[in-house]
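These notes concern the structure reproduced below.
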Amino acid sequence: MPRQPRLDLAGVPQHIVQRGNDRQPCFFQDIDRVRYLDELREICMRESCAVHAHVLMTNHVHLLITPSAQGQVTRVMQSLGRRYVRYVNDRYRRTGTLWEGRYKACLVDSESYLLRCYRYIELNPLRARMVNYPTNYPWSSFACNALGVADPLIRPHSSYLNLGGNADERCSAYRALVEQAITPDELDDIRLHIQRQHAYGTERFRAAIEAQLSRRVGPAKIGRPKKLPLPLESAH
């Protein structure tokens with residue numbers, strides 16, 4: 001059975017996850033992460049994609065990207081994957097694949113759901129117990145979004161800009177958001193949507209995406225289908 005085409009629309013953010021093959025590391029030294037981010041910035045500039053948040057874990061990456069046209073995210077990930085695998089194989093004298101199949105991606109509602117993804121992505125090192133506070137992990141966008149540290153890769157989404165009238169207000173509001181505990185239900189919801197590659201947002205958001213793409217972008221409704229009324233018998 002052929003694979004369904006990816007959910008992809010111009011101007012709609014995508015939460016992207018790519019894992020190392022067989023959950024093996026894809027970064028071995030800090031210089032590898034520097035190289036990955038440099039390549040990502042160059043390719044996104046070429047493809048007119050905006051990166052809002054990211055985290056580079058040991059064996060996987062999370063990205064939050066808005067394309068300006070359909071097909072751009074796919075081109076970014078393909079080009080980035082090729083360049084980075086070639087770099088790793090040359091540097092460490094290895095061969096073969098580095099990534100575990102195709103990356104996963106889901107469209108994200110640009111209202112409150114988008115900032116939930118910002119927070120989810122940047123708190124990954126904390127959940128993995130790698131650090132006690134996200135500031136202590138240097139390979140994410142947290143320092144930029146929460147503290148205002150300049151990062152040439154990051155381009156803030158309008159939902160983030162609406163947090164305040166200036167950079168200090170936005171950083172303060174975002175830190176307050178990050179400090180709110182993520183509920184287990186919210187964690188499960190985000191993970192399920194990225195795993196199944198469903199659109200993450202309100203029913204209205206999913207309905208709008210389905211209307212544009214003419215296909216289902218979320219789970220089928222659970223329950224028995226409604227019975228259709230029997231036709232009336234014609235009079236004799």
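The values are calculated or read from the model by the stated rules, or taken from the named source; none is laboratory data. Quick caveat, the model's predicted, so the values are computed rather than measured. Virtual Cβ from ideal backbone geometry, glycine too; neighbours counted across all protein chains shown. Just so you know, the surface numbers come from the protein's heavy atoms only, side chains and all, with ligands and any DNA or RNA stripped out. Shrake-Rupley method; radii C 1.70, N 1.55, O 1.52, S 1.80 Å.
Residues that are among the acidic types (D, E) and surrounded by fewer than 15 Cβ atoms within 10 Å (Cβ to Cβ) within the stretch 26-36 comprise just one, D30. Confirm whether Y160 is more than 20 Å from the chain's Cα centre (by Cα) and under 24 Å from D188 (Cα atoms). No, not satisfied. The residue list D22, D38 contains one member that is part of a helix (DSSP H, G or I) and on the phi > 0 side of the Ramachandran plot, which is D22.
Looking only at the stretch 106-163, how many residues end up being small (G, A, S) and on the phi > 0 side of the Ramachandran plot?
As a first pass, look at the stretch 106-163 and keep what is small (G, A, S): 110, 112, 128, 140-141, 143, 146, 148, 150, 158-159.
Adding the requirement that they be on the phi > 0 side of the Ramachandran plot leaves 148.
Of the residues in the stretch 106-163, 1 are small (G, A, S) and on the phi > 0 side of the Ramachandran plot.
What residue, of R83, R6, is in contact (Cβ under 8 Å) with a residue 60 or more places away in the chain, in contact with a helix residue (DSSP H, G or I) (Cβ under 8 Å, 6 or more places away or on another chain) and more than 23 Å from Y174 (Cβ to Cβ)?
Values: R83 fails: in contact (Cβ under 8 Å) with a residue 60 or more places away in the chain.
So the residue among R83, R6 that is in contact (Cβ under 8 Å) with a residue 60 or more places away in the chain, in contact with a helix residue (DSSP H, G or I) (Cβ under 8 Å, 6 or more places away or on another chain) and more than 23 Å from Y174 (Cβ to Cβ) is R6.
The helices (runs of 4 or more DSSP H) found wholly in the stretch 46-165 and carrying at least 3 residues that are in contact with an Asp or Glu (Cβ under 8 Å, 6 or more places away or on another chain) and open to solvent by less than 50 Å² (accessible area, probe 1.4 Å) occupy 72-92, 142-147.
Being in contact with a Phe, Trp or Tyr (Cβ under 9 Å, 6 or more places away or on another chain), touching a residue at least 24 places away in the same chain (Cβ under 8 Å) and either over 19 Å from P13 (Cβ atoms) or buried (at least 19 other Cβ atoms within 10 Å of the Cβ) (or both) is a description that applies to E39. Taking the criterion of being open to solvent by 50 Å² or more (accessible area, probe 1.4 Å), of a type outside the set (A, V, I, L, M, F, W, C) and either within 17 Å of the chain's Cα centre (by Cα) or closer than 25 Å to V17 by Cα (or both), the residues of the stretch 166-195 that qualify are R175, E179, Q180, T183, P184, D185, D188, D189, R191, Q195.
Being over 16 Å from H62 (Cα atoms), free of Cβ contacts under 8 Å to residues at least 24 places away in the same chain and in a loop (DSSP other than H, G, I, E, B), is that true of even one residue in the stretch 182-200? The answer is yes; a qualifying residue exists. Every condition in (1) without any contact (Cβ under 8 Å) to a residue 40 or more places away in the chain; (2) part of a strand (DSSP E or B); (3) not small (G, A, S) is met by V17 except one, and the failing one is (1).
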